[in-house]
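Heads up, the thing below is written out as structure tokens.
The values are calculated or read from the model by the stated rules, or taken from the named source; none is laboratory data. No experiment lies behind these values; they were computed from the predicted model shown. Note that each Cβ is placed from the backbone with ideal geometry, even for glycine, and that neighbours are counted across all protein chains shown. The accessibility values were calculated without ligands, DNA or RNA, using every heavy atom of the protein model including side chains. Shrake-Rupley method; radii C 1.70, N 1.55, O 1.52, S 1.80 Å.
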Amino acid sequence: MAERMETTTFTAEVSSVPLVAGCWSWGNRRTWGYGSRFCDADLRAAVEALGAHGVRCYDTAEVYSGGHAERLLGEFADGTAVVSTKFFPYPWRLTKSQFLRAVARSGRRLRTDRVHLYQIHHEPPAPLLRRWAGYLAAARRAGLVESIGTSNLSAAGLCATVAELAEHGERVSTHQARYNLCDRRVERDGVADVCQAEGIVLLAHSALGQGLLSGRYRAGDVMPGRRPLNEQVLRQADPVIQLLIRYADRLATTPAGVALAWLRHQGAVPIVGVHDRRQAEEAARGLGVRLTDTMAQRLDAVTRPWRGKS
């Protein structure tokens, strides 16, 4: 990570234990099967398993299940959890009081007086960004937010946010982007370069590509849930998955463990969606996996087409 990285509770934690548990599925019945495929007891077991491996960082958002994901995280994660959440760029959040009330509501749902990391969820229009930069600085001064992050911004949007916050004496600590072996666009579109130049921690969401890189699904398989990957994607990913399985055997780990180790080798911190003990254990066990340079280079070569067109 770059030397200019701001040290906060969140960045210090992911520097020590580079894994964040994602809570997108928590409380979501329609898409992810909350209440049918998994329940509150599974979420509690996932938190317990992560804690046993020293994983304390969680990522959620106010829009996940209409705030229910934040409430569930607040209920199941104890006071030692390091929590990040995101606010959606609603156009009516125009005044400082509206903004600060929204931060406070997230804090109440999370059962904390201060959010460790508060992130802009998507790229806002320039006038809103200028306004929100001041509001985020005010939230920090009020003690509601410890550090500021961004999510799903373009390279230009990230640069603009860095500049706007600097006007208020603040900085972007983390940036969250979709990044995995089968989606490497951040390396091409400039986002990874901006993070490196500005000392911003790159958080990789969808780190296992919705389960694609777990090794459990191959061409011809039927994926569960309402967001299955299509047959064409499974066929295209087959050479990647074969290599992950081969390296997993060599390293006595799982294909998912290899895929997450590759992200860490790239300098990113994986965010892995977990909603039961099995998923939590699988993600956490991969923390000790280290790739050789040859393995990393081979994975880079076989997935280079997934960087997209220049």
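Miscellaneous remarks
- In the set (1) open to solvent by less than 70 Å² (accessible area, probe 1.4 Å); (2) at pLDDT below 95, the condition left unmet by CYS39 is number (2).
- Test result for LEU73, in contact (Cβ under 8 Å) with a residue 40 or more places away in the chain and buried (at least 23 other Cβ atoms within 10 Å of the Cβ): yes
- Residues in segment 76-99 that are buried (at least 18 other Cβ atoms within 10 Å of the Cβ) and farther than 26 Å from SER25 by Cβ: PHE99 only.
- Per the listing ARG278, ARG290, the residue uniquely surrounded by fewer than 17 Cβ atoms within 10 Å (Cβ to Cβ) and closer than 30 Å to GLY27 by Cα is ARG278.
- Residues of segment 117-137 that turn out to be of a type outside the set (Phe, Trp, Tyr), touching a helix residue (DSSP H, G or I) at 6+ places or on another chain (Cβ under 6 Å) and crowded, with 17+ Cβ neighbours inside 10 Å, as a count: 4
- Within segment 43-66, the residues that satisfy the criterion of being surrounded by fewer than 18 Cβ atoms within 10 Å (Cβ to Cβ) and in a helix (DSSP H, G or I) are ARG44, GLU48, GLY51, ALA52, GLY66.
- Only one entry in ALA163, ALA104 is open to solvent by 20 Å² or more (accessible area, probe 1.4 Å), assigned to a helix (DSSP H, G or I), without any contact (Cβ under 8 Å) to a residue 24 or more places away in the chain and not polar (S, T, N, Q), namely ALA163.
- Of all the listed residues (VAL194, VAL240, VAL233), the sole one being modelled with pLDDT under 90, open to solvent by less than 70 Å² (accessible area, probe 1.4 Å) and not in a loop (DSSP other than H, G, I, E, B) is VAL233.
- Residue identified as in a strand (DSSP E or B) and not aliphatic (A, V, I, L, M) among GLY169, GLY79, GLY149: GLY149
- Looking only at segment 38-70, and only at residues there that are touching a residue at least 60 places away in the same chain (Cβ under 8 Å) and under 24 Å from ALA139 (Cβ atoms), the one that is farthest from the chain's Cα centre (by Cα): ALA61
- Restricting segment 172-191 to residues that are out of contact with any strand residue (DSSP E or B) (no Cβ under 6 Å at 6 or more places or on another chain) and not in a strand (DSSP E or B) leaves a set whose member that is most open to solvent (accessible area, probe 1.4 Å) is ARG185.
- Some residue of segment 110-121 being in a helix (DSSP H, G or I) and of a type outside the set (Val, Ile, Thr): yes
- Verdict on ARG171 being among the basic types (Lys, Arg), under 28 Å from LEU110 (Cβ atoms) and touching a residue at least 40 places away in the same chain (Cβ under 8 Å): yes
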